[in-house]
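Presented below is the structure to which this report refers.
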Amino acid sequence: MDLTLTIELVKRFEGFRAKPYLCPAGVPTIGYGSTHYADGRAVTLADAHMSKEAAHKLMEAELRHRYLPAVLRFCPKAAGDVKTVNALVDFCYNLGTGRLQTSTLRRKVNSQDWTGAREQIRKWVRGGGRILPGLVARREAEAALLPHGSL
């Protein structure tokens, strides 16, 4: 599955930081928004800096091996549309797979209610208890990738 669109979204909305930092939700993060390393260890604020190349490899591995399989498992109806999968993989990368698993968004995608799916994806704009303009823009970018008709 081509995840070029997801990689572009992640880089655009996460940006790159070599030094560990706390994201708006208070989670230690590094690189392009990674919260864990390839070996499963959680990022800590005491960790060493990371190069752009290492961060890209980590992000791409997470997308392919953690988030893409979850999206395909939770939303099998999306599998036939690369743009939809990319939108959902970005959503999961940003919020975690558990959010998709238990969401109305998942039900809308699986019933191919694309108007409802776009409405649902746009609801996930809070970080640290407040609406964040960056999340509003990210959800709009994801919503734009969802179909306007049936798959």
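The values are calculated or read from the model by the stated rules, or taken from the named source; none is laboratory data. Because the structure is a prediction, the values reported are computed rather than measured. As a convention, Cβ positions derive from the backbone with ideal geometry for all residues, glycine included, and neighbour counts pool all protein chains shown. Accessible surface is based on the protein model in full, side chains and every heavy atom, while ligands, DNA and RNA are left aside. Shrake-Rupley method; radii C 1.70, N 1.55, O 1.52, S 1.80 Å.
Numerical summary
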{"item": "Nearest-ten-degree value, helix 4-14 long axis tilted from longest Cα axis of the chain", "result": "60"}
{"item": "Stokes-Einstein D for the stretch 1-44, Kirkwood Rh over Cα pairs, 25 °C, 0.890 mPa s (µm²/s)", "result": "221"}
{"item": "Pairwise label distance in nanometres, VAL136 with ALA38, each label 7 Å out on the Cα-Cβ vector", "result": "3.9"}
{"item": "ARG106 - accessible surface, heavy atoms, 1.4 Å probe, Å² rounded to 10", "result": "70"}
{"item": "Part-to-part distance (alpha-carbon centres) for the stretch 7-30 and the stretch 108-146, which is given in Å", "result": "19"}
{"item": "C-alpha long axis of helix 52-62 to longest principal axis of the chain, angle in °", "result": "40"}
{"item": "Order of exposure, largest accessible area first, which applies to SER111, SER103 with probe 1.4 Å", "result": "SER111, SER103"}
{"item": "Order of exposure, largest accessible area first, which applies to THR4, THR35 with probe 1.4 Å", "result": "THR4, THR35"}
{"item": "Sites LYS19 and HIS65 - FRET efficiency at Förster radius 25 Å, r taken between beta-carbons, to 0.05", "result": "0.50"}
{"item": "Built amide H within the under 5 Å cut-off of GLY127, gap 5+", "result": "LEU132"}
{"item": "The chain - convex hull of the alpha-carbon atoms, volume per residue in Å³", "result": "98"}
{"item": "Between 0 and 90°, nearest 10: helix 133-145 axis offset from the chain longest Cα axis", "result": "50"}
{"item": "Helix-only [θ]222 nm of the chain, DSSP H runs n ≥ 4, -39500 (n - 2.57) each, per residue, nearest 500", "result": "-14500 deg cm²/dmol"}
